[in-house]
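The values are calculated or read from the model by the stated rules, or taken from the named source; none is laboratory data. This one's a predicted model, so the numbers in the text were calculated from it and none came from an experiment. All Cβ positions, even for glycine, are placed from backbone atoms using ideal geometry, and neighbour counts span all protein chains on display. Just the protein is used for accessible areas: all its heavy atoms, side chains included, with ligands, DNA and RNA removed. Shrake-Rupley method; radii C 1.70, N 1.55, O 1.52, S 1.80 Å.
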Amino acid sequence: VNNVISKRSRHPVGIVLRRCGYSVIPSLEELAKQGLDQNGECIVTSFTIIRQGYGKILFEGPLDVAHLNLDDIVSIGCKMVAVYPDVSMKPSEGEGLNRRAEITLYSLWPLDKSTGNYITYPQYQRNRSTLPRFENRFARDLHNIQATFIFYSPEKGALRFQVNNFSQYAMDGCLYVNTIGINLRCQLQLGNN
């Protein structure tokens, strides 16, 4: 199923999502079938924005997705997500996508300081003591920016956590390292810009 619309067509509920690698659940096709209600809204019970290979953002609860320009509002990249990076577009907390969400980022593994290599899943099997320390570090760093650690999967290097509102969340600068060598540390910025 192709979740990217052509630049010339307008989606029936006004959603804009043209960037390669991005998709949504419900799909653009499902949202088109649902259409707008008599109030010009398209209310969904949950909404997920995915960028293949990088991460996803899950919004639970009733949400009007009509006329969202996801190309301008959302960016999911290497170890980061940003929602309303242009603060002039950001609605009040609880409105639009500036609400509680569950974020999953992929390809986060600790760095073995002695070898300079990433500790991926096969190494976790040999040295299981590494995983709890890494999870505890995530939990502590996320707590410091008022986010809640949910789960870490060493198989995928997937970190799942919850935030109450949005601006930008990124992993940048320390012990956490991804598969292409960018250093990671939870220096997550809260969205009260």
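Of everything listed in (1) in contact (Cβ under 8 Å) with a residue 60 or more places away in the chain; (2) loosely packed, with under 14 Cβ neighbours inside 10 Å, the single unmet condition for residue 107 is (2). Here the stretch 4-37 is the region considered, the condition is being in contact (Cβ under 8 Å) with a residue 12 or more places away in the chain and part of a helix (DSSP H, G or I), and the residue that is nearest to the chain's Cα centre (by Cα) is 28.
Scan the stretch 90-104 for residues that are open to solvent by 50 Å² or more (accessible area, probe 1.4 Å) and in a loop (DSSP other than H, G, I, E, B) and the total you get is 4.
The residue that is nearest to the chain's Cα centre (by Cα), among those in the stretch 47-63 that are at pLDDT 95 or above, open to solvent by 10 Å² or more (accessible area, probe 1.4 Å) and under 14 Å from residue 159 (Cβ atoms), is 56.
Is there a residue being closer than 14 Å to residue 154 by Cα, in contact with a Pro (Cβ under 8 Å, 6 or more places away or on another chain) and at pLDDT below 90 anywhere in the stretch 107-116? Scanning the stretch 107-116 turns up at least one residue that is closer than 14 Å to residue 154 by Cα, in contact with a Pro (Cβ under 8 Å, 6 or more places away or on another chain) and at pLDDT below 90.
Identify all residues within the stretch 21-43 that are in contact with a Pro (Cβ under 6 Å, 6 or more places away or on another chain) and hydrophobic (A, V, I, L, M, F, W, C); write none if there are none.
Of all residues in the stretch 21-43, those in contact with a Pro (Cβ under 6 Å, 6 or more places away or on another chain) come to 32, 35, 43.
Selection gives 32, 43.
Once the stretch 124-162 is narrowed to residues that are assigned to a helix (DSSP H, G or I) and among the polar types (S, T, N, Q), the residue that is modelled with the lowest pLDDT is 125.
Being touching a Phe, Trp or Tyr at 6+ places or on another chain (Cβ under 9 Å) and outside any helix (DSSP H, G or I) is true for just one of 40, 53, 61. Which residue is that?
Working: 40 fails: touching a Phe, Trp or Tyr at 6+ places or on another chain (Cβ under 9 Å); 61 fails: touching a Phe, Trp or Tyr at 6+ places or on another chain (Cβ under 9 Å).
Exactly one residue qualifies, and that residue is 53.
Just for the stretch 15-41: of the residues that are in contact with a helix residue (DSSP H, G or I) (Cβ under 6 Å, 6 or more places away or on another chain) and hydrophobic (A, V, I, L, M, F, W, C), which one is most open to solvent (accessible area, probe 1.4 Å)? Ranking the qualifying residues of the stretch 15-41, first place goes to 16.
Filtered by the rule that a residue be open to solvent by 40 Å² or more (accessible area, probe 1.4 Å), part of a loop (DSSP other than H, G, I, E, B) and in contact with a helix residue (DSSP H, G or I) (Cβ under 9 Å, 6 or more places away or on another chain), the stretch 66-89 gives 85, 86.
Looking across the stretch 16-53, the residues that are within 20 Å of residue 100 (Cα to Cα) and touching a Gly at 6+ places or on another chain (Cβ under 8 Å) come down to 42, 45, 46, 51.
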